[in-house]
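> Below is a structure I'd like to ask you about.
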Protein chains: 2
Amino acid sequence: MSTLLEQLIESLRVLPGVGQKTAQRMAYHLLDREREGGKRLAEMLGVALDSIGHCRQCRDFTETELCAICASASRDRHQLCAVESPSDRLAIEQATGYRGVYFILQGRLSPLDGIGPRELGLDQLAARLAEGEVTELIIATNPTVEGEATAHYLAQLARQHGVRPSRLAHGVPLGGELEYVDRGTLAHAFGGRSDMP
Amino acid sequence: MSTLLEQLIESLRVLPGVGQKTAQRMAYHLLDREREGGKRLAEMLGVALDSIGHCRQCRDFTETELCAICASASRDRHQLCAVESPSDRLAIEQATGYRGVYFILQGRLSPLDGIGPRELGLDQLAARLAEGEVTELIIATNPTVEGEATAHYLAQLARQHGVRPSRLAHGVPLGGELEYVDRGTLAHAFGGRSDMP
Ligand SMILES: [Zn+2]
Ligand SMILES: [Zn+2]
């Protein structure tokens, strides 16, 4: 029979990058100095995990039916930017002056892990492209092997619907992850994106 | 008006060593892959922060009146080991074969931060020493400037009550923190503790 403290430490390990030692330090810190903040965290976790789902249009996380960007009247619906994750979406939003909308894949093609077109919502993306409003699909997957494979798949999908696919300019370091690229590089790469051949 | 996701990210920053970027990554990870684990964490946090207090005898964290060590009939009450924190207590418990009991200061003397004998529960420690059951006070504060000052204060307190003060052997690196010392070194230092002059 483990103590509440041990159970708390164990449950903190659900956080990414948090091992036994870090979980222990977190638990002691909360008990010692941050009981109020810890209780707020407990409440927010409960509410957020119950309420946050996916945007009906772009698959980003949101507690409403449409996320703020998809619901906004001031975004340009002719440009659609496909990213792997909400953090990539956020990185582009913060680094560039992009005024179009997004599609969040929530992953990348990875057949060995059982992640195919369906898991990435590509049927939904195809339906969107078929509507005819989108003229450019900006493909901003990560420059990794799987990200590149996903980009090629998306480019094909775009062409099938008469939509011009473009890709971020070289400048994003190869093998890197978009969300860790500095703003300047990302803004440059985004501005200098090229049509995909 | 911030979204639930933004509020969740903000509240995760109450955890030690967690900045904006890490909090964001944690939130996405929970939403994406660990909703069940996240809910369990929310519940555990709520329960633990409400229920965990301090052991009446040793000041360690516990949800009961006495912690498991103080409540145990098999521990030797002649030896009392004073440590700064619950993690130090845990490190000694895991590294050594110590069968005595502990007193957790929950800090170290630091007049500039307003931490004096009262904040460390030294009136309670003095009362314990006065009872006459304790024959050795093993002082295991950290080998930092403040830890050393605390050790000298504790040694004096012990002598006032006719209790023999001892200190961990050299071997614990100077300026280091007990909880980060490897088990072997800690066990060696603990075993080779010397009486304080
Ligand atoms: Zn959306
Ligand atoms: Zn206790």
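> For a quick check of your reading: which helices (runs of 4 or more DSSP H) sit entirely within segment A:78-197 and have at least 1 residues that are more than 16 Å from ligand 2 (Cβ to nearest atom) and more than 24 Å from B:GLN20 (Cα to Cα)? Walk me through it before giving the result.
Values: elements: A:86-95, A:122-130, A:145-160, A:183-191.
Qualifying helices (runs of 4 or more DSSP H): A:122-130, A:145-160, A:183-191.
> Test each condition in (1) within 14 Å of chain B (Cβ to nearest Cβ); (2) more than 13 Å from ligand 1 (Cβ to nearest atom) for A:ARG118 and report the one that comes out false.
With (1) within 14 Å of chain B (Cβ to nearest Cβ); (2) more than 13 Å from ligand 1 (Cβ to nearest atom) applied to A:ARG118, the lone miss is (1).
> Please give the number of the condition A:ARG56 fails out of (1) open to solvent by 50 Å² or more (accessible area, probe 1.4 Å); (2) more than 14 Å from ligand 1 (Cβ to nearest atom).
For A:ARG56, the failing item is (2).
> Oh, and also: Quick one: in segment A:132-184, of everything that is open to solvent by 40 Å² or more (accessible area, probe 1.4 Å) and of a type in the set (Val, Ile, Thr), which residue is modelled with the highest pLDDT?
Filtering first and then ranking leaves A:THR135.
> A further question follows. Kindly evaluate A:ILE69 against the criterion of being more than 9 Å from chain B (Cβ to nearest Cβ) and modelled with pLDDT of 95 or more.
Judged against the criteria, A:ILE69 is a match.
> Among the listed residues B:VAL18, B:VAL14, which satisfies the condition of being at pLDDT 95 or above, buried (at least 19 other Cβ atoms within 10 Å of the Cβ) and more than 7 Å from chain A (Cβ to nearest Cβ)?
Just one listed residue meets the conditions, B:VAL18.
> Is it the case, given these coordinates, that B:THR64 is open to solvent by 50 Å² or more (accessible area, probe 1.4 Å), of a type in the set (Ser, Thr, Tyr) and within 12 Å of ligand 2 (Cβ to nearest atom)? Spell out how you get there, then give the answer.
Working: open to solvent by 50 Å² or more (accessible area, probe 1.4 Å): yes; of a type in the set (Ser, Thr, Tyr): yes; within 12 Å of ligand 2 (Cβ to nearest atom): yes.
Taking the combined requirement at face value, the residue satisfies it.
> Here's something else I'd like to know. Is one or more of the residues making up segment A:22-40 at pLDDT 95 or above, at the interface with chain B (Cβ under 7 Å from one of its Cβ atoms) and within 13 Å of B:GLY38 (Cα to Cα)?
no
> Can you confirm whether A:ILE92 is touching a Phe, Trp or Tyr at 6+ places or on another chain (Cβ under 8 Å) and either within 7 Å of chain B (Cβ to nearest Cβ) or at pLDDT below 95 (or both)? Don't jump to the end; show me each part of the working.
Details: touching a Phe, Trp or Tyr at 6+ places or on another chain (Cβ under 8 Å): yes; either within 7 Å of chain B (Cβ to nearest Cβ) or at pLDDT below 95 (or both): yes.
For A:ILE92, the condition - touching a Phe, Trp or Tyr at 6+ places or on another chain (Cβ under 8 Å) and either within 7 Å of chain B (Cβ to nearest Cβ) or at pLDDT below 95 (or both) - is met.
> Return the residues of segment A:21-30 that are farther than 20 Å from A:ARG40 by Cβ and surrounded by fewer than 18 Cβ atoms within 10 Å (Cβ to Cβ); say none if nothing qualifies. Let's see the steps before the verdict.
Of all residues in segment A:21-30, those farther than 20 Å from A:ARG40 by Cβ come to A:21-22, A:24.
If the condition is that a residue be farther than 20 Å from A:ARG40 by Cβ and surrounded by fewer than 18 Cβ atoms within 10 Å (Cβ to Cβ), then A:LYS21 is the only one that fits.
The values are calculated or read from the model by the stated rules, or taken from the named source; none is laboratory data. If you're wondering where the values come from, they're calculated on a predicted model, not measured in any experiment. No Cβ is skipped: glycine too gets one built from the backbone with ideal geometry, and neighbour counts run over all protein chains shown. Ligands, DNA and RNA are stripped out before the accessible areas are found, and what is left, the full protein with its side chains, is counted by its heavy atoms. Shrake-Rupley method; radii C 1.70, N 1.55, O 1.52, S 1.80 Å.
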